[in-house]
1. With θ set to phi - 60° and the Karplus curve 6.51 cos²θ - 1.76 cosθ + 1.60, what are the ³J(HN,Hα) couplings of segment 12-28 in order, to the nearest whole Hz, using x for Gly and Pro?
2. In bins 10 Å wide, starting from 0, what share of all Cα pairs of the chain does each bin hold, as a percent?
3. Give the long-range amide H neighbours of Ala10: residues separated by 5 or more places, or on another chain, with amide H under 5 Å away, using H modelled in the peptide plane at 1.01 Å from N.
4. Net charge within 12 Å of Ala119 by Cβ-Cβ distance, Lys/Arg positive one each and Asp/Glu negative one each, not counting Ala119 itself?
5. Say R0 is 25 Å: what FRET efficiency, to the nearest 0.05, do Lys55 and Ser116 get from their beta-carbon distance?
6. Enumerate the lysines that Lys111 could reach by cross-link, defined here as Cα to Cα under 26 Å, with residues fewer than 8 away along the same chain left out.
7. Expected output is a single nm value to one decimal: the length gained when fully extending between Glu64 and Asn2, i.e. 0.36 nm times separation in residues minus the C-alpha distance. What is it?
8. List, in order, the whole-Hz ³J(HN,Hα) value for each residue of segment 53-64 obtained from phi through the Karplus relation with A = 6.51, B = -1.76, C = 1.60 and θ = phi - 60°; use x for Gly and Pro.
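Values quoted throughout were computed directly from the atomic coordinates according to the rules given, and no laboratory measurement underlies them. What you see is a predicted model; the values in this text were computed from it and never measured. Glycine also receives a Cβ, built like all others from the backbone with ideal geometry; neighbour counts cover every protein chain displayed.
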Amino acid sequence: MNTLLVSAVALIDMDGRVLLAQRPEGKSMAGLWEFPGGKVEAMETPEVALVRELKEELGIDTWESCLAPLTFASHTYDNFHLLMPVFVCRKWDGIVSPQEGQTLAWVEPKKLRNYSMPAADIPLISVLRDLL
């Protein structure tokens, strides 16, 4: 079974809300809500991948120094195993806006469970609620 390395981020705004993105139609797990991020490409660190993904997906700029390691997710799906370091980011330049047709939502930590998420993301909810 292949292991897929993906990095994700909990973007936290000035009001303590966390950004979720809904996976668009046509992608695996379409309709589920997730923390922004994506695949770590060859020769990238998880932090470099997140800086790139945030620019591509949300149109914002941030820096590796603004990504604080939080936890990680490790989950086996039917066809692959997901390993996902998760970071917290509270500082970026630009206005968060969907660049790939996804729906975005700023969510209070206590309301994260109201959103259907991929299995790997669900354990992250309690970590974020404890942090915030």
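1. Karplus-based 3J(HN,Hα) across segment 12-28 equals 10, 8, 5, 8, x, 8, 10, 7, 10, 10, 8, 5, x, 4, x, 9, 4 Hz.
2. 12, 47, 36, 4, 0
3. Phe87, Val88, Cys89
4. Neighbourhood net charge equals -3.
5. E(calc), rounded to 0.05, equals 0.40.
6. Here the lysines satisfying the reach criterion relative to Lys111 are Lys27, Lys91.
7. Result: 19.6 nm gained on full extension.
8. 5, 5, 5, 5, 8, 10, x, 10, 10, 9, 10, 3
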